[in-house]
Each structure stands twice: as structure tokens, then as C-alpha cells.
Amino acid sequence: MQKSKTDHAVAIAKAMVSAVPWVGGPLASLANDYIPSHTERARDRAIALLDERLEALGERLDAKAVNRDDFAELAKTCYLTIVRSHREEKLKAATGILANFLLREGDPDKLKYTELDYFARCVETLSNGAIEVLGNVVDAYQVGGRKNMALGDLFSCLPQYSSELLMGLVAELDAVNLLHRRVPSIEMPNHANNQVRLTPLGERFAQFLIEQDG
């Protein structure tokens with residue numbers, strides 16, 4: 001059987017780490033045993049999530065959409081997320097984006113391909129920390145109805161992050177227009193009185209990260 005590019009990459013990584021005395025053996029075993037099984041579990045979980053979602057949508061689906069070039073490109077982007085991450089939020093988002101594309105034209109929940117493609121690339125490239133920050137802002141919005149949140153409150157929700165890292169994660173989300181950060185004229189230490197606001201685009205994106213009902 002011809003080896004895939006992934007097989008070659010793992011083989012090269014094994015060869016490199018095996019050359020390191022004392023450490024190489026355990027790391028090579030990790031690359032050989034853990035990484036492939038980890039990827040397989042992520043794929044299996046994604047298939048299960050997609051199957052659940054499609055079953056829930058039922059008659060709202062357009063089966064012919066699978067044959068379109070746009071679906072093939074979207075599927076490839078989502079697959080990159082699936083093989084690179086085991087995080088439930090990312091797997092759920094990737095499969096939810098694919099399911100949304102398969103909705104019939106005219107369905108009120110169906111998004112345009114360009115927006116789904118943008119979201120798929122956000123899922124692939126956003127760091128896990130940025131996803132966690134966005135989740136906390138969304139929780140504050142859903143529980144308290146607040147689209148604006150002070151960074152000081154966000155610090156309290158995520159005490160494991162330094163203020164510098166948290167600012168970087170907020171900037172990451174701001175750069176893709178999922179959150180907006182407002183800087184007051186006079187800032188408190190650690191930027192605690194800065195405000196972050198969930199954007200309309202961020203609201204729609206977050207729907208793919210949280211539990212989805214049919």
C-alpha cells in the first residue's frame with residue numbers, strides 16, 4: 001500500500017527523535033502509537049457528531065449538495081480541523097458547518113457558502129485559548145444578556161491565563177471580527193476596564209461551537 005504524506009511525516013518525525021539519546025526511544029513510540037490512535041479517535045468522534053446532526057435535520061437536507069465543488073472544498077478544510085484537534089468544540093463546529101451546507105436552499109438556518117468557508121477557516125486556525133475566551137463571552141451573553149464584558153470579569157473567569165496572554169487571545173478574536181475590544185480613554189492596570197463585545201458574526205460562529213438542536 002502506498003504511504004500517504006501523513007505516514008511519511010510520522011516516519012520522518014520518528015527518525016528524528018530516535019536519534020536523540022535516551023529521549024528518542026520513548027518519543028518515537030509516542031509518535032508511532034499515540035498520534036495515529038489519537039487522530040483515529042477524533043475522526044470517529046467527528047463521524048458520530050455529523051451522523052447525529054444529519055439524522056436530526058432529516059428532510060431539511062439536500063443530498064445532491066454533496067456533489068458540489070464548494071462542499072468538497074469545505075469538507076477538506078473541516079477535515080484539517082478533525083485530524084489536528086480532539087477538542088469537542090472544534091469537532092462539533094467542523095461537523096456543524098458541513099451539516100449547514102447540506103441544508104436545502106431557502107432553509108432559514110442555512111448560511112451562505114462564503115460565511116461557512118470563513119467559519120471553517122476560523123475553526124482551523126483559532127487557538128484553543130481563543131475558543132475558550134469566546135465561549136466565556138458567549139456564556140455571559142446567554143446567562144446575563146450582556147454582549148459587552150469587561151476584561152476584568154474575563155480575567156476572573158479565566159484565572160489560569162496571565163493578563164498578557166488573555167489580551168493576546170482577545171486580539172486573536174478581534175482580528176477575525178468575532179469580538180471587538182474597546183479601549184477607554186483612561187485604562188486601569190492590566191487593561192481591566194477594557195470592554196469586549198460579541199459581534200453578530202461572533203454570535204453566528206458560536207452557534208457551531210455550542211450544543212446544536214435539530
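The values are calculated or read from the model by the stated rules, or taken from the named source; none is laboratory data. From a predicted model like this one, the values you see are computed outputs, not experimental measurements. As a convention, Cβ positions derive from the backbone with ideal geometry for all residues, glycine included, and neighbour counts pool all protein chains shown. Just the protein is used for accessible areas: all its heavy atoms, side chains included, with ligands, DNA and RNA removed. Shrake-Rupley method; radii C 1.70, N 1.55, O 1.52, S 1.80 Å.
Scanning the stretch 136-176 for residues that are charged (D, E, K, R) and in a loop (DSSP other than H, G, I, E, B), which turns out nearest to Tyr118 (Cα to Cα)?
Lys147
Check off (1) part of a helix (DSSP H, G or I); (2) of a type outside the set (Lys, Arg); (3) at pLDDT 90 or above for Leu111 and give me the number that stays unchecked.
(1)
Could you list all residues from the stretch 177-210 that are in contact (Cβ under 8 Å) with a residue 24 or more places away in the chain and assigned to a loop (DSSP other than H, G, I, E, B)?
Matches in the stretch 177-210: Asn177, Leu178, Met188, Ala192, Asn193, Asn194, Gln207, Phe208, Leu209, Ile210.
Of everything in the stretch 58-85, what is hydroxyl-bearing (Ser, Thr, Tyr) and either under 23 Å from Gly106 (Cβ atoms) or touching a residue at least 24 places away in the same chain (Cβ under 8 Å) (or both)? Give them in sequence order.
Thr77, Thr81, Ser85
Only one of these conditions is not met by Ile97: (1) over 23 Å from Ala171 (Cα atoms); (2) open to solvent by 40 Å² or more (accessible area, probe 1.4 Å); (3) in a helix (DSSP H, G or I); (4) not charged (D, E, K, R). Which number is it?
So Ile97 meets the others, but not (2).
Can you tell me which condition Glu132 does not meet? The list is (1) open to solvent by less than 70 Å² (accessible area, probe 1.4 Å); (2) in contact with an Asp or Glu (Cβ under 6 Å, 6 or more places away or on another chain); (3) over 27 Å from Arg60 (Cβ atoms), and all the others hold.
Single failed check for Glu132: (2).
Here are some conditions: (1) within 23 Å of Leu91 (Cα to Cα); (2) aliphatic (A, V, I, L, M); (3) at pLDDT 85 or above. Leu209 meets all but one. Which one does it not meet?
(3)
Of the conditions (1) in a helix (DSSP H, G or I); (2) modelled with pLDDT of 90 or more; (3) open to solvent by 40 Å² or more (accessible area, probe 1.4 Å), Glu105 fails just one. Which one is it?
So the condition that Glu105 fails would be (1).
Filtering the stretch 160-214 down to residues that are farther than 21 Å from Ser127 by Cα and of a type in the set (Gly, Ala, Ser), which residue is most open to solvent (accessible area, probe 1.4 Å)?
Taking the candidates together, the pick is Ser185.
Picking from Leu61, Leu57, Leu49, Leu80, which residue would you name as being within 19 Å of Glu115 (Cα to Cα), open to solvent by less than 50 Å² (accessible area, probe 1.4 Å) and not acidic (Asp, Glu)?
Only one candidate passes the filter, namely Leu61.
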